[in-house]
Each structure stands twice: as structure tokens, then as C-alpha cells.
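See structure below.
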Amino acid sequence: NFCLIHVSLVPVLGVVGEQKTKPTQHSVRELRALGLTPDLLACRSAQPLIGSAKEKLSQFCHVPVENILNIHDVPNIWHVPLILRNQKAHEAIIKQLNLSRSAGPPELRDWTLMAESYDNLSTSVKIALVGKYTNLSDSYLSVVKALLHASVACSQKPSIQWVSASDLEDATAASAPDAHTKAWETLKGSSCILIPGGFGDRGISGMILAAKYARENKVPYLGICLGMQISVIEMSRHVLGLGNADSEEFNTDTPDCVVMYMPEVSKTHLGNTMRLGCRRTFFRKPDCLTSKLYGNPPHVDERHRHRYEVNPSFVPMLENAGLQFVGCDESGNRMEIVELQDHPFYIGVQFHPEFKSRPRKPSPPFTEV
């Protein structure tokens with residue numbers, strides 16, 4: 001009842017183009033030294049493994065040739081289950097685990113259609129992702145994957161334009177004018193703006209400027225967690241005229257604390273103080289855009305990860321200014337979803353919809369942004 005699949009890289013070195021099996025041989029040897037013997041090898045490579053490479057791996061790693069799987073580079077990651085199916089990986093696992101063959105072959109027609117549909121997308125949409133950690137795209141991996149999931153449903157391939165929030169700030173115009181100019185050109189050349197979650201005060205001014213640009217120019221905007229809080233701060237400063245409006249995370253002394261610590265959160269101990277996991281959000285206004293995106297349910301269950309919330313004392317002022325709080329928690333005091341009136345698409349959510357997005361069930365906010 002145990003099956004060990006060892007994943008290893010088969011690189012190509014030099015100009016000869018020979019697929020090198022030595023790294024895999026060495027890793028298998030080290031694995032055996034630990035008392036573990038691989039039943040299957042899953043070999044990553046740029047190109048499909050040639051027959052001689054498979055035979056060499058089988059000979060020196062003592063793994064049957066039929067149990068050597070090749071996962072080579074493909075146009076998109078959704079092709080991986082298909083190439084594993086074609087190599088009968090499922091049969092090798094069933095055999096190794098001594099399972100009955102009561103189940104038929106994998107049914108992957110819908111999956112195949114999805115993978116091929118993405119390959120055939122001819123139009124793309126530029127999405128400016130304004131964040132703190134844009135130098136490492138994996139920092140926003142869940143957001144990127146959610147956009148890819150939505151792309152098939154929308155028949156448009158996302159072209160993510162990475163914008164460092166700090167580069168949008170006025171201070172960067174003096175210290176690095178080229179970076180500042182490029183960041184604004186990228187932002188203005190995009191069809192929509194997305195501000196994901198994050199912590200700390202670095203780049204906050206740039207995010208506020210991006211939200212302001214989206215609001216004033218009616219550019220589609222999706223703010224997630226911090227991105228929703230940014231939209232609240234921006235409206236408070238530039239529409240309500242509260243020049244000192246800020247989050248308690250960034251400025252504990254601000255007189256206009258529009259985003260505050262949650263009452264149940266300790267201000268001195270950061271460990272284990274976040275509001276985490278799947279929580280229920282109720283729609284305060286059933287006819288709102290976000291409710292329609294989800295199919296008009298009375299509530300949605302989405303995952304959360306935050307320790308700050310919109311200050312309920314400022315909600316009436318913001319709603320009078322046009323920022324509608326259309327979703328809240330069960331208490332009715334913790335605001336979860338905001339929408340801007342008279343704007344084609346300006347939505348902020350306190351939760352993380354990207355965490356529940358799936359290839360064949362994309363997250364509704366991502367399909368419309």
C-alpha cells in the first residue's frame with residue numbers, strides 16, 4: 001500500500017544536446033542510502049526523453065522502463081495530466097499498489113478541451129498587477145493561477161503587467177525617473193488594475209495612486225484584502241477630503257483611522273492573531289454587481305487572511321460618497337465587499353477569492369475583471 005514516485009530533473013548540458021541522466025542516478029543512490037527505493041521515476045525535461053535515456057535510467061536506477069514517466073515542457077500546465085495519462089501513469093500506480101482494475105481509464109475529455117482552448121486563445125488582455133513583491137512572481141502565484149483559470153471562461157489570455165507599487169510614487173520620480181515613467185506607462189496601458197494582498201507600509205502610496213487612477217478613469221479595478229483597504233483609504237483622502245486618512249497598520253496616530261485593527265486582535269502579539277480560513281460573507285444589497293457575479297446567492301463562503309478591517313464609523317460617510325459596502329459578516333459590522341457607484345467595475349473584497357479558484361471552476365471576481 002505504498003508507492004514512491006521520485007521526481008528528478010534530466011538537464012541538457014552544452015551544445016551537443018545530450019540528455020544527462022547522472023543527476024537522477026545520483027539522487028536515486030542517495031535516496032536508497034536513506035532506505036527508500038523509488039517505484040516510479042517522474043523525469044522533468046525540456047524535451048521528451050529519448051529511448052536511450054530511459055533505458056539508461058532503468059538500468060542504473062533499477063526501475064522498469066514502463067515506470068519511468070517523462071514530464072517535459074508543455075504549452076500550459078494543464079497538459080501535464082494528459083501526458084501522464086498517455087504514458088499510462090495511472091496503470092503503473094494501480095499495479096504498484098495492487099489495486100483492482102474496477103475503474104475505467106481516466107475521463108479527461110473536458111480537461112483536454114480546457115487545455116486546448118487555452119492554447120488556442122488568440123486575444124489577450126493586459127492586467128496591471130500592482131504589488132509589493134513583483135520581483136518574484138511566485139509571491140502572487142494564487143492570483144496568477146486564478147487569472148489563468150478565468151482566461152478559458154472568458155476566452156481571453158491574461159497578459160500580466162507587473163508594476164512595483166513603489167515605482168508609482170512621487171519619490172521615485174526624483175530618485176529613479178525611468179522606473180517611475182515606465183511604471184505609469186505600464187499602468188495606463190493596461191485594460192484593468194488588480195491590487196492583491198500584502199503587509200507593511202512599503203509601496204502603499206503607489207497603490208493609492210493606482211486606485212485613484214482606476215476610479216477617476218473608470219478602469220476596471222479589483223482589490224483583494226489590502227487592495228480593498230487601499231480603495232477605502234483612497235476614497236477617504238481624495239473624495240471625503242480626509243487628508244490624514246490611513247490604516248492603523250501604517251499609522252497608529254492618524255486621527256482618521258478608516259482601517260483599524262479588528263477588536264479581537266492583540267496589538268502587541270502578532271502570532272496567531274489573524275482572521276483565517278473560510279468565513280461567510282452576507283450580501284447587504286442583493287442587487288449588487290458582486291452578488292450577480294456569484295449567481296445571486298444570499299451569501300458566499302470565501303477564505304480570509306487578515307487582521308485589519310474597515311472602521312465601521314466611517315462607513316456611512318463613504319457610502320454617501322459613492323463607495324457602497326455590499327457585503328458584511330454575520331454581525332453586520334465587519335465590511336467584506338465594496339463597490340463604487342457609477343463605475344463599470346470597481347470592486348474590493350476583504351477575502352481572498354483566488355484561494356478557491358479551480359481550473360474548471362474559476363473565481364467569479366476574476367472572470368469579470
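The values are calculated or read from the model by the stated rules, or taken from the named source; none is laboratory data. This is a predicted model, so every value here is computed, not measured. For neighbour counting, all protein chains shown are included, and Cβ atoms are generated from backbone atoms with ideal geometry for every residue, glycine included.
Table for the structure above
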| read-out | value |
| --- | --- |
| Members of the range 49-65 found to be surrounded by 15 or more Cβ atoms within 10 Å (Cβ to Cβ) and either of a type outside the set (A, V, I, L, M, F, W, C) or assigned to a strand (DSSP E or B) (or both), listed by number | Lys54, Lys56, Ser58 |
| The range 310-369, residues that are of a type in the set (Lys, Arg) and over 30 Å from Trp111 (Cβ atoms) | Arg334 |
| Per-region count, the range 112-153, residues part of a helix (DSSP H, G or I), buried (at least 17 other Cβ atoms within 10 Å of the Cβ) and free of Cβ contacts under 8 Å to residues at least 60 places away in the same chain | 5 |
| Within the range 177-199, tally of residues that are within 19 Å of the chain's Cα centre (by Cα) and either on the phi > 0 side of the Ramachandran plot or among the small types (Gly, Ala, Ser) (or both) | 4 |
| Members of the range 316-369 found to be among the polar types (S, T, N, Q), part of a loop (DSSP other than H, G, I, E, B) and either within 14 Å of Lys285 (Cα to Cα) or modelled with pLDDT of 95 or more (or both), listed by number | Gln341, Gln350, Ser357, Ser363 |
| Among (1) among the aliphatic types (A, V, I, L, M); (2) in contact with a strand residue (DSSP E or B) (Cβ under 6 Å, 6 or more places away or on another chain); (3) not assigned by TED's automatic domain parsing to the domain that holds Gly198, the one test that Leu108 misses | (2) |
| Any hit, the range 269-280, residues being assigned by TED's automatic domain parsing to the domain that holds Pro220, buried (at least 17 other Cβ atoms within 10 Å of the Cβ) and either of a type in the set (A, V, I, L, M, F, W, C) or modelled with pLDDT of 95 or more (or both) | yes |
| Check on Ala42, more than 27 Å from Leu108 (Cα to Cα) and either touching a residue at least 40 places away in the same chain (Cβ under 8 Å) or in a strand (DSSP E or B) (or both) | no |
| In the range 315-369, the residues that are free of Cβ contacts under 8 Å to residues at least 40 places away in the same chain and touching a Phe, Trp or Tyr at 6+ places or on another chain (Cβ under 6 Å) | Val315, Met335 |
| Matching residues, the range 154-170, being part of a helix (DSSP H, G or I) and touching a His at 6+ places or on another chain (Cβ under 9 Å) | Asp167, Leu168, Asp170 |
